[in-house]
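I have placed the structure first, in the form of structure tokens, so that the comments after it can refer back to it.
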Amino acid sequence: MIRGIHHVALATSDIDRLVNFYREGFGFEVVATMGWEKGSTRIDTIVGLKDSSCRQVMMKAGNTHIEIFQYITPEGKPVDPKRPPSDHGYTHFCVDVTDIDYEYERMKTLGMTFNCPPPTREELGNGSIRATYGRDPEGNLIELQEILDPNHAFYLDV
């Protein structure tokens with residue numbers, strides 16, 4: 001039985017920078033620091049790499065986790081930090097917030113860049129979700145979302 005999504009994983013060239021970003025920006029806490037050295041046939045088989053080695057951190061906030069990898073070998077290749085969300089593959093993850101204006105401003109001070117500010121309530125008209133996309137220091141897309149109607153199907157009751 002599938003119970004739900006447990007975590008989203010990100011790869012980075014600077015694990016300390018990304019861990020600090022998610023800790024300060026979103027309140028994620030480190031729950032495990034792991035990794036492996038070259039020579040783990042089992043892990044190489046799982047990840048589909050040869051002679052891999054890695055630093056790894058699992059972080060938790062609320063009911064979800066983010067897993068961050070920094071591969072030492074083979075060294076990862078950077079992606080286009082302005083990769084459009086229409087490209088195939090993972091496009092973004094979404095963080096539910098209760099005050100999107102506050103979080104938008106706070107995340108900007110931490111270096112997150114946004115496509116646009118969240119729409120105002122007036123701009124939404126009858127809409128019930130205020131949202132905007134931004135990028136973390138690696139260029140990964142993150143959606144900030146505030147659901148205004150507690151009866152909306154997407155509303156999280158936490």
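Below is a table of values for the structure above.
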quantity	calculated
Hits in the stretch 57-76 (condition: in contact (Cβ under 8 Å) with a residue 24 or more places away in the chain, closer than 21 Å to ASN140 by Cα, not in a loop (DSSP other than H, G, I, E, B) and not small (Gly, Ala, Ser))	VAL57, MET58, MET59, LYS60, THR64, HIS65, ILE66, GLU67, ILE68, PHE69, GLN70, TYR71
Selection from the stretch 78-100 of residues that are among the charged types (D, E, K, R) and either more than 28 Å from ASP149 (Cα to Cα) or surrounded by 14 or more Cβ atoms within 10 Å (Cβ to Cβ) (or both)	ASP80, LYS82, ARG83, ASP87, ASP96
Some residue of the stretch 106-125 being farther than 18 Å from THR12 by Cα, in a strand (DSSP E or B), β-branched (Val, Ile, Thr) and at pLDDT 90 or above	no
Pairs where the first residue, in the stretch 111-130, is among the aliphatic types (A, V, I, L, M) and the second is not in a loop (DSSP other than H, G, I, E, B), C-beta under 7 Å, 6+ apart	MET112/GLY25; MET112/GLY134; MET112/ARG135; LEU124/ARG130; ILE129/GLN145; ILE129/ILE147
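Conditions (1) without any contact (Cβ under 8 Å) to a residue 12 or more places away in the chain; (2) within 25 Å of GLU105 (Cβ to Cβ); (3) not basic (Lys, Arg), marked per residue:
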{"residue": "ARG17", "(1), (2), (3)": "no, yes, no"}
{"residue": "GLU24", "(1), (2), (3)": "no, yes, yes"}
{"residue": "GLY27", "(1), (2), (3)": "no, yes, yes"}
{"residue": "ILE43", "(1), (2), (3)": "yes, no, yes"}
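The values are calculated or read from the model by the stated rules, or taken from the named source; none is laboratory data. Please read these numbers as outputs of a predicted model, since none were measured by experiment. Neighbour counts are summed over all protein chains in view; Cβ atoms, including those assigned to glycine, are modelled from backbone coordinates with ideal geometry.
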